[in-house]
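Notes follow once the structure below has been shown.
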Amino acid sequence: MKSQVQPKLIIHGGAGSSLHGKGGLEAVRQTLHAIVEEVYALLLSGANASVAVVRGCQLLEDEPRFNAGTGSVLQSDGQIRMSASIMDGALGRFSGVINVSRVKNPIELAQFLQNSPDRVLSDYGAAELAREMQIPSYNALTDLRLQEWIQERQDNFKRTMAGVIAEPELLETSNAGRGTIGVVALDTYGKLAVGTSTGGKGFERIGRVSDSAMPAGNYATNYAAVSCTGIGEDIIDECLAPKIVIRVTDGLSLQESMQRSFAEAHDNKRDFGAIALDATGAIAWGKTCDVILAAFHDGDKIGDTLELAGGTQVGSIS
Ligand code: GLY
């Protein structure tokens, strides 16, 4: 197949309060930019959007400072349960796993399910799938996440959500962020795909289901693709990712679609962020919280949103 389109890429490592200290910000910037560089090179070499999305999610899941894969937050009972999904816009096909434990890269299970008649599996079924795929058992726990949970247990689980960024200097903050990772890609063939992965909110009830393995948090068509991060319940209530995508499908520009959706979210006092691409190559991000940890490649260069702090904002590059 002949390449015709300039590929585009945007990724995120969560959303929430501003990063404390320049050290934290620069470390997150370096990590996000390195991942953008690697995944964009893959797109330039002709990889399709779904392959690029899976690779980007693996790299973000493997980075312990983000709340997905290694470095996932602990639930109320001290266990890690992760959720991930992928949607191929060209195929119009969603697949995912909910509350899976002891795997390194939940996105690999979601990818496998793209070609299965049963495309969303939860806990026991997802564990069985990992066994069938002969994925080795893996402990995603990090010392910082354990410390965070112990501290929270001493405080009787007062926080509504764990910190998105696992940095020692941030453990003391009461509201460090909203953790999830996500990747949205437009490939050289003009096809879109999106993937999202998370350890959840942290400290949640056993059995709570994250938006990250629902279309509400991860959705793509041939027109647009969106990955969300933030409080899952808010994302579900706004049905955020499909809302943005459907607005684009119905003729709004990506920028207008994001603006309208985030204005509604602001009025409804929601707490989240989202990244998006459309089929024309427009790149966009939006947030109702302080900051969204996103980085992108616009075809010429890498940019990021790390210093765009301060309440509801939408940004885009056409
Ligand atoms: N957005 C991640 C979660 O709420 O689980």
Open item on the list: Quick one: the Cα spread of the stretch 254-318 along its three principal axes, in angstroms, biggest first?
Closed with: 36, 24, 11
Open item on the list: Show me, for the stretch 106-114, the HN-Hα J-couplings you get by feeding each phi into the Karplus relation (A = 6.51, B = -1.76, C = 1.60, θ = phi - 60°), rounded to Hz, glycine and proline as x.
Closed with: x, 4, 5, 5, 4, 5, 4, 6, 3
TODO: At q = 0.30 Å⁻¹, work out log10 I(q)/I(0) for the stretch 53-92 with the Debye formula, treating every Cα as an identical point scatterer and leaving solvent out; two decimals please.
DONE: -1.01
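Compare the peptides 95-106, 290-301 by average per-residue count of other Cβ atoms within 10 angstrom and give them in order, highest first. Mind showing how you got there, number by number?
Details: 95-106: 24.3, 290-301: 21.7.
Result, highest mean Cβ count within 10 Å first: 95-106, 290-301.
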- [ ] At most 11 other Cβ atoms within 10 Å plus a DSSP loop assignment makes a site exposed; report the longest stretch of the chain without any exposed GluC sites (Glu not before Pro).
- [x] 1-171
Task: Convex hull volume of the stretch 1-97 per residue (C-alpha atoms, cubic angstrom) - done: 125
Task: Candidates Gly195, Gly16, Gly207, ranked by Gaussian network fluctuation over the chain, Cα under 10 Å, top entry - done: Gly207
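Can you give the % of DSSP beta bridges in the chain that are antiparallel, to the nearest 5?
Of those bridges, close to 95 percent are antiparallel.
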Open item on the list: As an exercise, take the mean of 1/r over every pair of distinct alpha carbons in the chain, invert it, and state the Kirkwood radius in angstroms.
Closed with: 18.7
Open item on the list: Cut-off 10 angstrom, C-alpha nodes, Gaussian network model of the chain. Which of Ala263, Ala220, Ala241 fluctuates the most?
Closed with: Ala263
Open item on the list: Only Cα pairs within less than 10 Å get springs; with that Gaussian network setup on the chain, which residue of Asp237, Asp211, Asp267 has the largest fluctuation?
Closed with: Asp267
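At 1.4 Å probe radius, can you tell me the per residue accessible area of the chain in Å²? Don't skip to the answer; put the middle values down first.
Numbers: 12390 Å² over 318 residues.
It amounts to 39 Å² per residue over the chain.
Would you mind calculating the relative contact order of the stretch 14-122 from Cα pairs under 8 angstrom and at least 6 residues apart, reporting the percent as a whole number? Write down the numbers at each step before the final one.
Values: 136 pairs, mean separation 19.4, N = 109.
With pairs under 8 Å counted, the relative contact order is 18 percent.
Quote the relative contact order of the stretch 190-318 in percent (integer), defining contacts as alpha-carbon pairs under 8 Å separated by 6+ residues.
Working: 264 pairs, mean separation 25.7, N = 129.
Reported relative contact order: 20 percent.
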Open item on the list: Accessible area of the chain with a 1.4 Å probe: how many percent of it is carbon plus sulfur?
Closed with: 49
Task: Inverse of mean 1/r across different Cα pairs in the stretch 183-305, Kirkwood, Å - done: 14.5
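As a test, work out the antiparallel percent of DSSP beta bridges whose residues both lie in the stretch 44-125, rounded to the nearest 5. Don't skip to the answer; put the middle values down first.
Numbers: 6 of 9 bridges.
The antiparallel proportion sits near 65 percent.
The values are calculated or read from the model by the stated rules, or taken from the named source; none is laboratory data. Everything quoted here is computed from the prediction, not taken from an experiment. Backbone-built Cβ (ideal geometry, glycine too); neighbour counts: all protein chains shown. Accessible surface is based on the protein model in full, side chains and every heavy atom, while ligands, DNA and RNA are left aside. Shrake-Rupley method; radii C 1.70, N 1.55, O 1.52, S 1.80 Å.
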